[in-house]
Amino acid sequence: MTTSAPVPPRDLRVSDAERGHVVDLLQRATGRGLLDLTEFTRRADLAMAARTRGELNAVLIDLPGLVNREVDARDTLAMEHTASSLTRRGRWVVPRRLVLRGRMGSSTLDLTEAVIPHPVVTIELSYSMSSMTLVLPPGASVDLDELTVVAGSVKDQVGAGAALGTPHVVVRGSVRAGSVVVARPRTIMRLGPLTVRHPWKVDWARD
């Protein structure tokens with residue numbers, strides 16, 4: 001049986017979140033006087049057009065004092081939704097940092113079956129007239145101290161400030177005219193192999 005050789009890390013494809021992260025680093029370098037505006041623009045254009053990690057890292061290679069490493073695609077995930085809903089549940093890989101921007105919508109992040117390779121996960125919110133429900137697995141903890149809510153509400157069913165668990169989820173940012181609910185899953189009904197739980201999910205056990 002013949003197996004394909006692994007793709008070298010520098011040849012892996014990059015995401016929009018990775019490109020945005022590198023542009024942020026270039027902006028930091030410009031603020032420190034390492035780049036002028038012309039060079040910043042040139043490198044930012046190259047970063048946004050990059051297809052692989054090697055191409056993306058090339059724009060940072062001569063800048064001292066900045067993180068110059070191969071960007072892990074799992075580090076940051078940015079998601080936006082307007083007048084719509086956003087849902088992540090089941091077996092999905094949770095990045096170290098989630099950036100969510102929403103307007104007139106709702107989101108559900110269910111971590112109960114997710115793959116979470118980091119002990120601490122940060123969720124940064126910028127919500128207007130939007131709501132988020134965060135479902136944590138058993139043993140996880142949450143920190144809401146850095147979350148600002150204006151004309152909205154926070155409902156913590158887990159207990160922020162309780163004993164530090166793993167993973168530890170830090171929710172920060174701002175919510176205006178919206179809400180945040182942090183909960184754990186609750187079983188509503190079991191009928192043979194069928195399990196119904198809240199937040200709403202139906203599981204069918206297979207032999």
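Every number in this text was worked out from the coordinates using simple rules, so none of it is lab data. Note that the structure is a prediction, hence the values are computed from the model and not measured. Ideal geometry is used to build each Cβ from the backbone, glycine not excepted, and the neighbour counts take in all protein chains shown.
With a cut-off of 11 Å between beta carbons, the residues surrounding GLU146 carry a summed charge of -2, where Lys and Arg count +1 and Asp and Glu -1. Its Cα gyration tensor gives the range 10-57 an equivalent ellipsoid. The semi-axes, each the square root of 5 times an eigenvalue, are 20, 10, 8 Å from largest down. Extension gain, HIS168-THR148: 0.36 nm per intervening residue step, less the Cα-Cα distance, totals 5.3 nm.
For the range 10-57, the Cβ-based charge dipole about the Cα centre amounts to some 120 debye (Lys, Arg positive; Asp, Glu negative; other atoms uncharged).
The local environment of ARG13, defined by Cβ-Cβ distances under 12 Å, has a net charge of 0 under the rule Lys, Arg +1 and Asp, Glu -1. Packing, taken as the mean count of other beta carbons within 10 Å per residue, orders the peptides 129-135, 21-27 from highest to lowest as 129-135, 21-27. Computed from phi, the 3J(HN,Hα) profile of the range 16-31 under the Karplus parametrisation 6.51, -1.76, 1.60 (θ = phi - 60°) reads 4, 4, 5, 4, x, 4, 5, 4, 4, 5, 5, 4, 5, 5, 5, x Hz, with x in place of Gly and Pro.
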